[in-house]
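Q: Please find one structure pasted underneath; my questions will follow.
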Amino acid sequence: MSVIYDRVALIGLGLIAGSMAHAMRRAGLAREIVGTARSPETRRIAAEIGLCDRIVETAAEAAHGADLVVLCVPVGAMAEVAAEIAPVLEPGATVTDVGSVKRDVIAQVGPHLPEGVHFVPGHPLAGTEHSGPRSGFAELFDNRYVLLTPDPDTDRGAVDRLRRLWEGCGANVEEMDADHHDLVLAVTSHTPHLIAYTMVGVADDLRRVTDSEVIKYSAAGFRDFTRIAASDPTMWRDVFLTNKDATLEILGRFTEELFALQRAIRRGDGEHLHAYFTRTRAIRRGIIEAGQDTDAPDFGRTKPPRRREDAAE
Ligand code: NAP
């Protein structure tokens, strides 16, 4: 793989930025990777583990002279960072982001960017429940999707160049309208996270009654919920605040289905339950056939710990 960008600036040095740094190095996609994070502690750790070629103190310093700037901060912080880097961006540079919500990020970032700078919003559909500069790893994006949501007027060359970077990081890249992205992700990621948070919250309330039996006898289904519900609180707060309409739409449908299942249980309607569970089983088979999860029993838990946690994000 050959060099695609001379200088890539990573703003925010958590799971996604860290994994991008490792993946870009694995394939030699950037001549130089410059990184920055808000707190001195994160910058210190990143420098200590050699995450980037250079760690600098501010976002503006990192973006200066970069031909690709990647915003890897929580969705709610995108506008602030865009405003800070805007004055130093050079014409011809590309700005992208990795935020989990797209329409709101476009509204936050777009107005700050000067003429001649290409904005190509993006979202890697890969993650774990871990965060911080030590959590990244080069394989995170292997065979996962990255969705790009550029405006139709965006410079084609800039979009294709970013596409090649993500492909070099191991990902499959697709383009999509931002509103459609937000609806799809509300179904596949955002609402499931909310349900996991709720279920773990209910169990936590129960734990006070059952004196820790919920933890002691935790079964696989509940353990998977707890892993998802351990995801970063700031990131997920921002996701729900910024993908409000789509999440509420899917949550409404979810609640209706839940009531229908509740009624079937109350009435002893086994036929309804069986038909419903047969339909959902087919979806699981589809995901495995598409290579997006393992069919190993217990999600392959006996394998080494450095695996992707497919249900997060
Ligand atoms: P992370 O590990 O928590 O790292 C977030 C980084 O952003 C940290 O370096 C943090 O700096 C910095 N930051 C936080 N608040 C900031 C603020 N107000 N201003 C400036 N910098 C700030 O997060 P992540 O999981 O990599 O997520 C980053 C982005 O990727 C988010 O937009 C998220 O929606 C998206 N995403 C996440 C996943 C996932 O599963 N985790 C998957 C796909 C996309 P300090 O360390 O100094 O606080």
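The values are calculated or read from the model by the stated rules, or taken from the named source; none is laboratory data. Predicted model only: the values in this text are computed from it and were never measured. Ideal geometry is used to build each Cβ from the backbone, glycine not excepted, and the neighbour counts take in all protein chains shown.
Q: Being free of Cβ contacts under 8 Å to residues at least 24 places away in the same chain, of a type in the set (D, E) and away from the ligand (no atom under 13 Å from the Cβ) narrows it down to one residue among D53, D67; which is it? Step through it out loud before you land on a result.
A: Working: D67 fails: free of Cβ contacts under 8 Å to residues at least 24 places away in the same chain.
Checking each option against the conditions leaves just D53.
Q: Across segment 83-97, what is the number of residues that are under 21 Å from the mean Cα position of the chain (by Cα) and within 11 Å of the ligand (Cβ to nearest atom)? Show your work before the answer.
A: Going residue by residue through segment 83-97, those that are under 21 Å from the mean Cα position of the chain (by Cα) are 94-97.
Checking which are within 11 Å of the ligand (Cβ to nearest atom) leaves us with 97.
Number satisfying all stated conditions: 1.
Q: Taking the stated definitions as given, is V101 aliphatic (A, V, I, L, M), in a loop (DSSP other than H, G, I, E, B), under 15 Å from the mean Cα position of the chain (by Cα) and near the ligand (Cβ under 10 Å from one of its atoms)?
A: Criteria met by V101.
Q: Pairs under 8 Å by beta carbon, first residue assigned by TED's automatic domain parsing to the domain that holds M20 in segment 149-175, partner modelled with pLDDT under 95 and part of a loop (DSSP other than H, G, I, E, B), six or more apart or different chains?
A: Between residues of segment 149-175 that are assigned by TED's automatic domain parsing to the domain that holds M20 and residues that are modelled with pLDDT under 95 and part of a loop (DSSP other than H, G, I, E, B), the close pairs are G168/M1.
Q: Based on this model, can you work out whether G270 counts as under 22 Å from A178 (Cα atoms), at pLDDT 95 or above, away from the ligand (no atom under 16 Å from the Cβ) and not charged (D, E, K, R)? Break it down into steps so the answer makes sense when it comes.
A: Numbers: under 22 Å from A178 (Cα atoms): no; at pLDDT 95 or above: yes; away from the ligand (no atom under 16 Å from the Cβ): yes; not charged (D, E, K, R): yes.
Answer is no for this residue.
Q: Report those helices (runs of 4 or more DSSP H) wholly inside segment 1-84 carrying at least 2 residues which are buried (at least 17 other Cβ atoms within 10 Å of the Cβ) and small (G, A, S). Reasoning before the result, please.
A: Numbers: elements: 15-27, 40-48, 59-63.
The helices (runs of 4 or more DSSP H) meeting that bar are 15-27, 59-63.
Q: What are the residues in segment 139-161 that are over 29 Å from E90 (Cα atoms) and aliphatic (A, V, I, L, M), if any?
A: L140
Q: Only one residue in A9, A23, A37 is under 21 Å from the mean Cα position of the chain (by Cα), within 11 Å of the ligand (Cβ to nearest atom) and in contact (Cβ under 8 Å) with a residue 60 or more places away in the chain. Which one? I'd like the intermediate steps shown before the answer.
A: Values: A9 fails: within 11 Å of the ligand (Cβ to nearest atom); A23 fails: within 11 Å of the ligand (Cβ to nearest atom).
Result: A37 is the single residue among A9, A23, A37 that is under 21 Å from the mean Cα position of the chain (by Cα), within 11 Å of the ligand (Cβ to nearest atom) and in contact (Cβ under 8 Å) with a residue 60 or more places away in the chain.
Q: For segment 72-85, indicate whether the set of residues that are among the hydrophobic types (A, V, I, L, M, F, W, C) and within 30 Å of T294 (Cβ to Cβ) is non-empty. Even if it seems obvious, please write down each step before you answer.
A: Here is the first cut: in segment 72-85, the ones among the hydrophobic types (A, V, I, L, M, F, W, C) are 72-73, 75, 77-79, 81-83, 85.
Among the residues that remain, those that are also within 30 Å of T294 (Cβ to Cβ) are: 72, 75.
Scanning segment 72-85, I find at least one residue that is among the hydrophobic types (A, V, I, L, M, F, W, C) and within 30 Å of T294 (Cβ to Cβ), so the answer is yes.
Q: Another question, then. If A107 satisfies every condition in (1) small (G, A, S); (2) without any contact (Cβ under 8 Å) to a residue 24 or more places away in the chain; (3) touching an Asp or Glu at 6+ places or on another chain (Cβ under 9 Å) but one, which is the exception?
A: (3)
Q: Please go through segment 139-171 and give me each residue that is under 15 Å from the mean Cα position of the chain (by Cα) and either part of a helix (DSSP H, G or I) or polar (S, T, N, Q) (or both), ordered by number.
A: Those that are under 15 Å from the mean Cα position of the chain (by Cα) and either part of a helix (DSSP H, G or I) or polar (S, T, N, Q) (or both): E139, L140, F141, N143, T149, W166.
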